[in-house]
Every structure is written in C-alpha cells, then in structure tokens.
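Below: one structure, written as structure tokens.
What follows draws every value from the coordinates through simple rules; no lab data is involved. Keep in mind the model is a prediction, meaning the values are calculated, not measured. Using ideal geometry, Cβ is built from the backbone for each residue, glycine included, and neighbour counts are taken over all protein chains shown.
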Ligand code: TRP
C-alpha cells in the first residue's frame, strides 16, 4: 500500500519541518512509501526561477541527508510531462465549481482577478501527483484534506466514466510529530513564510547561529522552568524542542534544567546534536552536484517506470490513444 508525501520548496528546511515531519519520514517509512519535492507547486504565485532551482536541490539534499531512502524519493518536475498530462485529463474531469470551492483558493485569492490560474488548478495538479503514483493513503494536515477529497472524487469519476484505472486515495492523519513554534513569537508556528528570521532555526544554520537564536528566544520573567504551554508558551516551546531531540516528554525535560539560561543552552546543544549530522551530509551533497543529479535522475526513472502503465491506460481510456 502506497503512502505519498510531498514537500513544497517555498523556503529552506527549518527545525519545524524536520522535527514535525521529515525525521519521521526517514525513521518510519514503509517500503512502498513515496516522497517527493513538489517544485511545480512552488510557482502558483510570482516566483524567482533561480531561487526555486536552489530550493529544490536544497530540500532534496536535506531529505536525503535526513535518511529518507533515495529509492523512494523523486522531484516532481523531473516527471513534468507525466504530471502535466494527467493534470489535463483530470482538469477535464473536474468542474469549475469544485475547483472554485477549495478553501485554500478562496483564502489566498480573496476574489482577486489578478490571482494566477495555477492557484485555482493546483489542487488538480495535486490530484495528479496522488493518482499517477497509485497512492492509497495521503498523510496530510487539516489544510490539505479538502484537496485529497478532491483527488478522491476525481479518481472515482474517472474510473466510473472511462474505466477503472486509479486507486481511490484517502487522507490519513500524519503520525504526530513535534509542533515547533517561532522562537521570537511562540503564538505562531515556525514557518517558512515568517519574516522574522531570528525565530526560525534552519537545518543548515551554522552552530553559532543556532546557539545565538536560542539565546535570544522569547521566554518570560518568571524564571521558573516548568511545562505550562498556556501560561509560559515560550518556555514550553523550548521544552517541546528539547524533548523531541532527546526522545522524552517535555515534563521530564523540564526536570533536567534549573534556569532559563540552562534551558536555552541545553536545547541549543540538543538541537545541534540532532541536526549537525544532517547538516553535514546535506552540505556535502550540495557540494558534489554530480551525486545529487545522479540521485535525481535515478529517482525520476524509478518513478516513471512505476507509473507509466497507469498513465498510458488513462490516456487510452480517455480516448486519446
Ligand atoms: N500541497 C502540499 C503542501 O503544500 C504539498 C503536496 C503537493 C502534496 N502534492 C502533494 C502532498 C501530494 C501530498 C500529496 O503541503
């Protein structure tokens, strides 16, 4: 049974991405699971080609460095013809009403006519990602559930109207990972789109930068180390991160430190122990471009081989061959 997860290269990989999802992909992936860098999804708003190229390699390198098996990993646009062919078949299966109803589209477009058409059709591209690879389960957060529902609807409709070809996918809850919050504003998730870089720890940040960011993390004036997310959100965030790195509970992590200064030092060192091997492998991969492009090519070839029969069948069933 195939489970598929995608990560969109809209920013550099940070601690929230790593502790919240990527680490689990590496540790708990089933032998048939698939992971991909959804770079075609990163251009639904005006984008820089240079930066997109850089971020795609960056994310691929971090996933590999984190231990996501390379046989299960590919870059979406390395199969751009396949994904676009299926997107067209599915766009002609999807109604305008269905696309327009997507909450994320409504939120991001807010009725503006200057919004890119890609923002409207992107859930159909996402359906193509899911259906092309024969996905049975898609672990997604709340914000993507409706898109998986759409993929399900389109798979059923295509199967009924033209012939059985697609596995009907379902959305599943991702295994709970750590929820990492912004170090300068613990009311917000640590997010690629945040403007305050000091609140975000990137996996490729050098050790002194990581230490400085934790030193400056927002706490409170109580100087009492205990796990109370409501009353002491900044301290709780640091304890959550420490616990995630030490594989323990935040309550137990709280017992091991006496002051905020000790807490900040402990969490910085625990984070460094966790991410330094990943950072070093990723930097090495990014420096030896030939290895990275070789891995990319092999990943694309495998993904193509796995999916080509399904795509040919769908093309034939639609009457195009
Ligand atoms: N849209 C997802 C996100 O923004 C990423 C994604 C693209 C994805 N295609 C997918 C996730 C297919 C799961 C399956 O997070």
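By the count of neighbouring beta-carbon atoms within 10 Å, fewest first, 3, 192 end up ordered 192, 3.
Which percent, to the nearest 5, of DSSP beta bridges fully inside the chain are antiparallel?
Details: 2 of 13 bridges.
Here the antiparallel bridges make up roughly 15 percent for the chain.
Centroid-to-centroid, using Cα positions, region 217-237 and region 113-183 are 37 Å apart. Taking other Cβ atoms within 10 Å as a rough exposure proxy, 98, 175 sort from fewest to most as 175, 98.
Each part gets one Cα centre, and for region 1-62 versus region 250-305 those centres are 14 Å apart.
Within region 197-283, the proportion of C-alpha pairs whose separation exceeds 22 Å stands at 22%.
Distances longer than 24 Å among the Cα atoms of the chain: what percent of all pairs is that?
Across the chain, Cα pairs with separations above 24 Å total 57 percent.
Region 232-321 gives an Rg/Rh value of 1.36, both radii derived from C-alpha positions and Rh following Kirkwood.
Order these by the 10 Å Cβ neighbour count, fewest first: 191, 259.
On the way: 191 17, 259 11.
Least to most surrounded, the residues fall as 259, 191.
Given the -39500 (n - 2.57) contribution per DSSP H run of 4+ residues, what per-residue ellipticity at 222 nm results for the chain, rounded to the nearest 500 deg cm²/dmol? Display every interim value, and only then the final one.
Numbers: 12 runs with 171 residues, N = 321.
Theoretical 222 nm ellipticity from helices: -17000 deg cm²/dmol.
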